[in-house]
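First up is the structure itself, then whatever we jot down about it.
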Amino acid sequence: MSFLSGKMNTNFDIEGSLGFLIAKCHQKGFQIFREKLLPHNLTPPQFGLLAFLWKKDGQSQIQLGTAMEMDRTTTSGVIDRLENLGLVSRRNHPEDRRVFMIFLTEAGRELEHNLSHLSLESSAELAANLSAGEKETLLGLLKKIRGEVK
């Protein structure tokens, strides 16, 4: 079936498929942002975890993993690296000793303005060929694909 027409098409074109194009856009955006984060010794997933803590500090590893749609092992590794950099700290949950709560350190809080600016720069660079209206439409469509909008 053709993605656009819904009709059977035996001439499949990988470069025109939705999944391929979304994956390649992700790779391009990841690369742009990764290069901007390199001087800070951070990766985009580490930035993502910090950004969720900037929104709401003191979340459990499970909450952060769920927010980032990341498995427990990967989430724990990202937290380990941020903790080694002195940007977050683990504390025991006040009521459940099996749960760790993740908090920003002062150094982690201090990065918010600068790193958020780098994220905005990266997004602008990624979408440089789009008009403001096209960017708004794209964001809406991506949210719809994710199931955030009906």
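Our summary gives region 39-145 a relative contact order of 23 percent, counting only alpha carbon pairs under 8 angstrom and 6 or more residues apart. Here region 72-150 was treated as a single set of alpha-carbon atoms; its pair distances binned every 10 Å from 0 give 15, 27, 27, 26, 5, 0 percent. Electrostatic tally near S76: other residues with Cβ closer than 12 Å to its Cβ, Lys and Arg +1, Asp and Glu -1, net 0.
If you fit an axis through the alpha-carbon atoms of helix 44-55 and take the longest principal axis of the Cα set of the chain, what angle between them do you get, 0 to 90°, nearest 10? Compared with the principal axis, the helix lies near 60 degrees.
Computed from Cα atoms, the angle from the helix 132-146 axis to the main principal axis of the chain rounds to 80 degrees.
The residues of the chain expose on average 70 square angstrom of accessible surface per residue, using a 1.4 Å probe on protein heavy atoms.
Taking the protein heavy atoms of the chain in the context of the full set of protein chains, the accessible area attributed to carbon and sulfur is 56 percent at 1.4 Å. Against the chain, whose longest principal axis is taken from its Cα atoms, helix 112-126 shows a tilt of about 10°. Under 15 Å from the Cβ of R90, count the other residues' Cβ atoms, weight Lys and Arg +1, Asp and Glu -1, and hand me the total. Summing Lys/Arg as +1 and Asp/Glu as -1 gives +1.
Near F30, once Lys and Arg are set to +1 and Asp and Glu to -1 for all other residues with Cβ below 12 Å from its Cβ, the sum equals +3. Taking only DSSP H segments of four or more residues, each worth -39500 (n - 2.57), what value at 222 nm results for the chain once the sum is divided by all its residues, to the nearest 500 deg cm²/dmol? So the helix-based figure for the chain works out to -18500 deg cm²/dmol.
The values are calculated or read from the model by the stated rules, or taken from the named source; none is laboratory data. Since we're looking at a predicted model, the values are computed, not measured. Positions of Cβ are backbone-derived with ideal geometry, glycine not excepted, and every protein chain shown enters the neighbour counts. The area values use the complete protein model at the heavy-atom level, side chains included, leaving out ligands, DNA and RNA. Shrake-Rupley method; radii C 1.70, N 1.55, O 1.52, S 1.80 Å.
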